[in-house]
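To start, the structure under review is shown below, and the notes come after it.
The values are calculated or read from the model by the stated rules, or taken from the named source; none is laboratory data. This structure is a prediction, so every number in the text was calculated from the model and none was measured. Backbone-built Cβ (ideal geometry, glycine too); neighbour counts: all protein chains shown.
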Ligand SMILES: Cc1cc2nc3c(=O)[nH]c(=O)nc-3n(C[C@H](O)[C@H](O)[C@H](O)COP(=O)(O)OP(=O)(O)OC[C@H]3O[C@@H](n4cnc5c(N)ncnc54)[C@H](O)[C@@H]3O)c2cc1C
């Protein structure tokens, strides 16, 4: 069954890769800005619809997307759970009279039914949700799935123009919200937990991240302790990440943290407790003091 991925602002290559794999050969349709059309082909989309300048008005964008869905007769719709799409998708679901599951962390397709998996009841269990409406919709947390190149050999690229409805919102400008790459885009991640002990400790992780070209991440306990901002939190109630390398300093490896790093290619854990659960999950482990290891790495790299 054909699946449509809605990424009108930026392609989520991990979500597109996952969609292609669950589709098992069925064509995947994607809506992306024209600058991402080539990447959409690389990550396996068959029908690439491009759209530019949708503007900032989420209600107007939902109306454009409804026009697109009705025209393409799409029945399974996926979108990244970015700040913008979290605002737009509920409005689109209402317009389409479709069930919508927000913030999924896993997906599967069985007999035309989309299995939408997400944490539920305060993240104490993983729920698999099925939609009864003819159109099935889900948003997926960015970073949950690794991007896998699987180029489509005969792509069809179509430029879309929407009859833009009246807009009630104007854009005053944009500014980056952080001085480092957003978590879900980082290839190298330097993560700290409560074991790092202080904000000053996290500054050392920032120095290491700068030298490695990486991004700093944190466990929820480290965020709660004020060592790092919430935008750094990785895990079930933070961001899901899929970096090439995930270095975990002073993180115990609670299940809620591990849920956010399962897409990581290589996990390296540094913890003074040889029985810390993270060692059961890590590819490489160092039993020792995080600061000693960071100092050695800083010395070596600078
Ligand atoms: C509903 C719910 C949602 C949650 N969501 C998240 C989430 O999104 N993300 C998340 O991270 N957590 C989440 N949690 C919290 C989670 O259960 C853990 O409490 C948290 O991940 C623990 O963080 P930590 O590993 O930094 O701290 P701790 O568990 O306290 O571990 C600190 C570790 O540091 C080690 N250590 C101490 N000193 C040193 C040293 N000098 N050198 C090296 N190692 C040292 C210790 O041995 C220990 O293993 C959630 C919990 C709930 C109930």
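With the condition kept exactly as written, say whether any residue in the stretch 239-252 is surrounded by fewer than 24 Cβ atoms within 10 Å (Cβ to Cβ), more than 25 Å from residue 124 (Cβ to Cβ), free of Cβ contacts under 8 Å to residues at least 12 places away in the same chain and more than 8 Å from the ligand (Cβ to nearest atom).
no
Give the residue that is farthest from the ligand (Cβ to nearest atom), with candidates limited to residues of the stretch 213-233 that are part of a helix (DSSP H, G or I) and farther than 23 Å from residue 276 by Cβ. Spell out how you get there, then give the answer.
To start, the set of residues in the stretch 213-233 that are part of a helix (DSSP H, G or I) comprises 220-224, 230-232.
Imposing the further condition that a residue be farther than 23 Å from residue 276 by Cβ reduces the set to 230-231.
Details: 230: 10, 231: 13 Å.
For the stretch 213-233, the residue satisfying everything is 231.
When you look at residue 201, is it at pLDDT 95 or above and part of a helix (DSSP H, G or I), yes or no?
Criteria met by residue 201.
From 69, 48, grab the single residue that is in the same structural domain as residue 8 (by TED's automatic domain parsing) and in a strand (DSSP E or B). Explain how you work it out, then say what you get.
Working: 69 fails: in a strand (DSSP E or B).
That would be 48, the only listed residue that is in the same structural domain as residue 8 (by TED's automatic domain parsing) and in a strand (DSSP E or B).
Where residues in the stretch 83-98 are crowded, with 18+ Cβ neighbours inside 10 Å and under 27 Å from residue 256 (Cα atoms), which of them is nearest to the ligand (Cβ to nearest atom)?
85
Check every one of the strands (runs of 3 or more DSSP E) wholly within the stretch 73-127 and list those with 1 or more residues that are free of Cβ contacts under 8 Å to residues at least 24 places away in the same chain. Step through it out loud before you land on a result.
Working: elements: 76-80, 99-104, 106-110, 113-120.
Strands (runs of 3 or more DSSP E) meeting the threshold: 106-110, 113-120.
Can you tell me how many residues within the stretch 153-197 are at negative phi, assigned to a loop (DSSP other than H, G, I, E, B) and modelled with pLDDT of 75 or more? Before you say what the answer is, go through the steps one by one.
First pass over the stretch 153-197, keeping only residues at negative phi: 153-172, 174-196.
Now restrict to residues that are assigned to a loop (DSSP other than H, G, I, E, B): 153-155, 160-172, 174-182, 186-187, 193.
Right, trim to modelled with pLDDT of 75 or more and you get 153-155, 160-163, 168-170, 172, 180-182, 186-187, 193.
Residues in the stretch 153-197 being at negative phi, assigned to a loop (DSSP other than H, G, I, E, B) and modelled with pLDDT of 75 or more: 17 in total.
Has the stretch 283-302 got any residue that is within 30 Å of residue 104 (Cβ to Cβ), more than 8 Å from the ligand (Cβ to nearest atom) and crowded, with 19+ Cβ neighbours inside 10 Å?
No: zero hits.
Is at least one residue of the stretch 260-279 surrounded by fewer than 23 Cβ atoms within 10 Å (Cβ to Cβ), more than 29 Å from residue 120 (Cβ to Cβ) and either near the ligand (Cβ under 8 Å from one of its atoms) or outside the structural domain of residue 297 (by TED's automatic domain parsing) (or both)?
Yes, the stretch 260-279 contains at least one residue that is surrounded by fewer than 23 Cβ atoms within 10 Å (Cβ to Cβ), more than 29 Å from residue 120 (Cβ to Cβ) and either near the ligand (Cβ under 8 Å from one of its atoms) or outside the structural domain of residue 297 (by TED's automatic domain parsing) (or both).
Taking only pairs six or more apart or across chains, which ones have beta-carbon atoms under 8 Å, a first residue in the stretch 141-160 that is assigned by TED's automatic domain parsing to the domain that holds residue 24, and a second residue that is assigned to a loop (DSSP other than H, G, I, E, B) and exposed (fewer than 15 other Cβ atoms within 10 Å of the Cβ)?
Cβ pairs passing all conditions: 146/265.
Checking residue 135 against (1) assigned by TED's automatic domain parsing to the domain that holds residue 258; (2) touching a strand residue (DSSP E or B) at 6+ places or on another chain (Cβ under 8 Å), only one condition comes out false. Which one?
(1)
Please work out if residue 229 is under 24 Å from residue 12 (Cβ atoms), surrounded by fewer than 22 Cβ atoms within 10 Å (Cβ to Cβ) and modelled with pLDDT under 90.
no
Looking at the stretch 284-293, can you tell me whether even one residue there is in the same structural domain as residue 211 (by TED's automatic domain parsing) and in a loop (DSSP other than H, G, I, E, B)?
Start the filter on the stretch 284-293 by keeping residues that are in the same structural domain as residue 211 (by TED's automatic domain parsing), which leaves 284-293.
Retained after the next criterion (residues that are in a loop (DSSP other than H, G, I, E, B)): 288-289.
Yes, the stretch 284-293 contains a residue that is in the same structural domain as residue 211 (by TED's automatic domain parsing) and in a loop (DSSP other than H, G, I, E, B).
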